[in-house]
Amino acid sequence: MAFYITTAISYVNGAPHLGHAYEAIATDVIARHMRQRNEDVFFLTGTDEHGEPVADAAKDQGVTPQVLADENAARFRALLPQLDVSNDFFIRTTDAEHHRRVQEVLRRVHDNGFTYKGLYEGWYCPKCADFKVENEILDGNRCPIHEIALTREQEENWFFRLSAFQGRLEQLYAEQPAFVMPLQRFNEARAFVTSGLQDVSLSRARMNWGVTVPWDPSHVFYVWFDALLNYYTALGYARPGDDLTDRYWPANFHVIGKDILKFHTVFWPAMLMAAELPTPAHVFVHGFLLGADGRKMSKSLGNVLDPFEVLDEFGTDALRFYLMRDVQFGSDGPVGMEQVTVRYEAELANEYGNLASRTLAMLQRYRDGRVPEVDTDPALAESFAGLADDVVDLIDAAEVTGALELIWQRVRRCNRYVEERAPWQLARDPERAAELDQVLASLAEGIRALSVLLCAYIPVSARRLLDALRADDTRVEAAAFAARGSGATVSALAPLFPKR
Ligand code: ME8
């Protein structure tokens with residue numbers, strides 16, 4: 001089945017930071033897992049290049065917005081392979097095809113009668129490119145996200161009749177209880193809807209860095225309307241000559257951070273309804289990685305942890321693992337180099353890496369590298385029963401941290417099994433050879449099954465271990481714990497997570 005998943009698209013007013021990496025990695029874990037289930041996956045990410053955030057940053061640096069956008073979009077694009085993110089396309093909202101399709105969709109919204117010209121006055125955050133409503137504003141008319149002073153802005157622009165969608169949005173929330181996940185965010189979004197919707201600005205007259213409004217070319221679309229549509233427009237031109245819209249629309253999952261909830265859970269479905277397009281199945285809202293000071297990492301707060309530094313020091317799989325494991329997906333959590341070190345040493349090196357090395361080394365030493373073709377131990381098999389199904393269920397709800405925890409419980413179970421069965425003692429007693437066969441076959445099977453499930457999280461290391469085990473089936477189905485040892489001749493493996 002088609003499975004379409006997206007990240008938010010990043011502003012190109014600065015360099016990528018760990019928050020961007022986090023979202024891309026989590027989305028990649030889901031995309032990879034779905035491919036392991038033979039789903040027809042399309043995974044989109046990219047950059048959001050219009051609007052004040054970019055125009056203002058370019059002005060500060062004395063360059064044109066296009067120059068700044070080109071420079072930073074290249075940095076965002078370059079980060080993805082370094083994170084082993086397997087996106088199928090990278091959209092830039094400055095793409096000509098994106099412009100064309102945005103105009104086409106929003107013209108339909110206009111033709112359907114959901115726009116009008118009016119005077120807008122309100123408190124505006126230039127960094128969010130957002131007019132704030134009264135209950136969002138901090139004391140002293142400050143932005144709730146950037147904490148900077150909001151400006152009072154007044155201009156004539158085109159409005160989108162968001163208020164006309166009150167009833168249909170309430171209906172959407174009533175009919176699709178998993179439209180927004182996790183539940184806390186669903187409640188927040190629904191409360192926003194039920195509190196009463198006001199019409200919102202659709203265009204800006206004072207800006208020219210954006211997509212031109214086709215029926216009023218002195219305006220550009222308000223950046224959020226152009227940006228949200230990326231999820232739709234990309235499918236039209238990602239594969240030249242092959243319009244993917246029918247195959248993948250609507251999206252299964254939009255993965256976003258909590259600061260952009262309102263746009264994705266209220267504006268976005270309303271805009272789609274206004275254009276007579278189907279709405280997405282789920283919006284998954286994750287929390288923030290917090291800086292050492294416990295506040296959101298953000299360029300304007302200056303407490304950003306550099307993903308490149310973590311990559312240099314620990315490598316890609318370690319960064320991916322750390323972020324998925326340490327910060328419960330859906331909640332906020334602090335991040336820092338110290339915690340990365342702890343997870344790397346205690347879990348990746350000592351638990352998984354060591355389990356792999358020990359198992360392979362014992363197979364070499366006691367059985368000439370061959371996995372005995374004997375029945376595996378039902379006691380260990382029992383601990384794996386239902387694991388793959390549970391992982392599937394959790395990933396279906398984007399619970400990437402929860403699924404990893406279930407996998408990791410079995411990594412620990414296998415380590416306990418090694419200690420309990422002490423194969424090195426069995427090896428000293430020729431009469432216990434059959435028992436040793438069973439223990440080694442079971443451990444080989446355990447690390448194989450675990451590595452299949454870990455492919456989505458730590459693709460390079462899990463693959464290396466599977467290669468050493470001569471196990472090339474990475475479908476989730478293959479994560480079932482087999483009743484017999486494989487009989488494969490395994491090869492030696494350098495430590496997956498070497499001591500640093
Ligand atoms: O919001 N921790 O772009 P953006 C976790 N262009 N996630 C974080 C984070 C942090 N410290 N900081 C940012 C935009 N993010 C818009 C999106 S979508 C049509 C347009 C997340 O570059 C943030 O929540 O500010 C968002 O989901 C993504 O990174 C891009 O943020």
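The values are calculated or read from the model by the stated rules, or taken from the named source; none is laboratory data. Computed from a prediction, not measured in an experiment: that's the story for all the values here. Quick reminder, even Gly has a Cβ in these numbers, built from the backbone with ideal geometry, and neighbours come from all protein chains shown. SASA here: full protein model, heavy atoms, side chains in, ligands and nucleic acids out. Shrake-Rupley method; radii C 1.70, N 1.55, O 1.52, S 1.80 Å.
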Review point. For helix 52-61, what angle does its Cα long axis make with the longest principal axis of the chain, in degrees from 0 to 90 and rounded to 10?
Key: 90 degrees
Check your understanding: How big is the equivalent ellipsoid of the chain along its three axes, where each semi-axis is √(5λ) from the Cα gyration tensor, reported in whole Å from largest to smallest?
Key -> 49, 22, 20
Practice item. Could you compute the FRET efficiency for Arg239 and Arg107, with r as their C-beta to C-beta distance and R0 at 30 Å, rounded to 0.05? Key: 0.80
Check your understanding: When the Cα centres of region 261-282 and region 318-397 are compared, how far apart do they sit, in Å?
Key -> 38 Å
Revision key, fill the gap. So, with points 7 Å from each Cα along the Cβ direction, the Asn135-Glu39 label distance in nm works out to 3.3 nm
Review point. If you stretched the chain out fully between Glu420 and Met337, how much longer would it get, using 0.36 nm times the residue separation minus the C-alpha to C-alpha distance?
Key: 26.5 nm
Revision key, fill the gap. For region 366-500, the accessible surface attributable to carbon and sulfur atoms (probe 1.4 angstrom, ligands and nucleic acids excluded) amounts in percent to 48 percent
Revision key, fill the gap. Helix-only [θ] at 222 nm, the chain, -39500 (n - 2.57) per DSSP H run of 4+, per residue, nearest 500, equals -13500 deg cm²/dmol
Revision key, fill the gap. With a Förster distance of 30 angstrom and the Cβ-Cβ distance between Thr212 and Leu119, calculated FRET efficiency to the nearest 0.05 equals 0.90
Exercise for review: Quick one: order Trp249, Trp424, Trp268 from most to least accessible surface, probe 1.4 Å.
Suggested key: Trp424, Trp249, Trp268
Exercise for review: At 0.36 nm per residue, minus the direct Cα-Cα distance, what do Leu183 and Ala281 gain on full extension? Give it in nm, one decimal, please.
Suggested key: 33.8 nm
Check your understanding: Under 18 Å from the 7 Å Cα→Cβ point of Asn350, by amide nitrogen: which residues of region 403-436?
Key -> 408-420
Review point. How many percent of the accessible area of region 221-335 is carbon or sulfur, using a 1.4 Å probe?
Key: 47 percent
Point to revise | region 336-479: C-alpha gyration tensor shape, a/c 1.5 cut-off, then a/b vs b/c | key: prolate
Practice item. Relative to the longest principal axis of the C-alpha atoms of the chain, give the angle of the C-alpha long axis of helix 96-111, reported between 0 and 90° and rounded to the nearest 10°. Key: 60 degrees
Review point. Charges only on Cβ, +1 for Lys and Arg, -1 for Asp and Glu: so what's the dipole of region 336-479 about the Cα centre, in debye to the nearest 20?
Key: 600 debye
Practice item. Determine, from the Cβ-Cβ distance of Glu175 and Thr489 and an R0 of 60 Å, the FRET efficiency 1/(1 + (r/R0)^6), rounded to the nearest 0.05. Key: 0.60
Point to revise | Candidate residues Val67, Val193: accessible-area rank, largest first, probe 1.4 Å | key: Val67, Val193
Check your understanding: Under a 5 Å amide H to amide H cut-off, with H placed in plane at 1.01 Å, what residues pair with Val220 once short-range neighbours are removed?
Key -> Arg204, Met207, Val213
Point to revise | Per residue, in Å², the accessible surface of the chain once ligands and nucleic acids are set aside, probe 1.4 Å | key: 39 Å²
Check your understanding: For region 170-214, which trypsin sites (Lys or Arg not before Pro) are in a loop by DSSP, counting at most 15 other Cβ atoms within 10 Å?
Key -> Arg206
